[in-house]
Amino acid sequence: MKKLFAFLFIGFIINSCSESNPFSDDVSEPIDAPYVRSYTTYTSQNSVTINGFVDNINNAYSGSQTYTVGFKFRSGDEFDSSNDIIIELPGSAGYYSNQRTFSTDISSLEPNTTYYYTCYTMNGYKVEEDWESFTTSEIACTYTQINSYNVSGTSYNANVIIDDPSCCDSGNVRFRFGTWPNIFEINFNELNNGYPNTGQYFGVDSMFDTTYIERELTKSNNQVLIDNGSTSETEIFVENDGVTITIIFCDTLLGNGDVLNGKVSALIP
């Protein structure tokens, strides 16, 4: 009888330890953190906004536990974590069947320099990350004359009109200038129907991506659509001082082989 009691007592201890183990596979108390996506907005020569995106719409787990969110920011070697800056955002978020975005601003960066970052979600020992990189804007070339541009060696004067593109996949604001056959429409896709900020912008082919999640995540993401032929090789610069927007072309290559140089400017409506 004593041997049986001792056996039962030992079994009780083992079971108790197992139930309190945070690394156990007990599905009644799941430890989970949602998948997260990292992306940037408003990248300039010296600053960037880094963002995290959580999509819980199709998340199988909808328990009562909460998770924290934040960022890790890294300069220099992308594999060297010794100089990581960790930014934990205050508060926590519950598991809801919806989407959530969060962001933070980073300043005092160097122009034309690559940095590495990830947003993260954390719940206990479970962490989800999505490491990405970005490169700050180069310094734009310098022109003294405004509203003058050059197309493959031929110079023109510009009268810039700011209006709205005809449809959603063409962005929210358009800068139009030139005379036939050299009419240029420079389109941007900005958050809250705003105007492009100071920075370097990179061309997209045909249209902005407006499919599902991309519709919001690609806004203010330093993209430009030039209706008569931007490609992934197309680059322009924007200067926005809050009153005037200036678009600068520094050997800007279009899909038809034309090269633009010069700068055009317009007052913000």
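Rule-based calculations on the coordinates, nothing more; no lab input. Predicted, not measured: the structure shown is a model, and the values here were computed from it. Note: ideal-geometry Cβ built from the backbone for every residue, glycine included; neighbour counts use all protein chains shown.
Worth pointing out:
- Contour minus Cα-Cα distance for T144 and D130 (0.36 nm per residue): 0.7 nm
- Between the C-alpha center of region 192-269 and that of region 158-172 there is a gap of 11 Å.
- Shape of region 203-269, Cα gyration tensor, a/c cut at 1.5: oblate
- For region 197-208, the Karplus equation 6.51 cos²θ - 1.76 cosθ + 1.60, evaluated at θ = phi - 60°, returns couplings of 8, 4, x, 9, 10, 10, x, 10, 8, 6, 6, 7 Hz by residue, with Gly and Pro reported as x.
- Close amide H contacts of D227 (hydrogens built in the peptide plane, cut-off under 5 Å, sequence separation of 5 or more or a different chain): E185, N187.
- Each peptide in 261-268, 74-81, 188-195 was scored by the mean count of other Cβ atoms within 10 Å over its residues; highest first, the order is 261-268, 188-195, 74-81.
- Straight-distance candidates among the aspartates and glutamates for linking to K72, with alpha-carbon spacing under 15 Å and chain neighbours fewer than 8 residues away dropped: D80, D84, E88, D105, E128, E129, D130, E132.
- Debye, to nearest 20: dipole size of region 73-169, +1 on Lys, Arg Cβ, -1 on Asp, Glu Cβ: 200 debye
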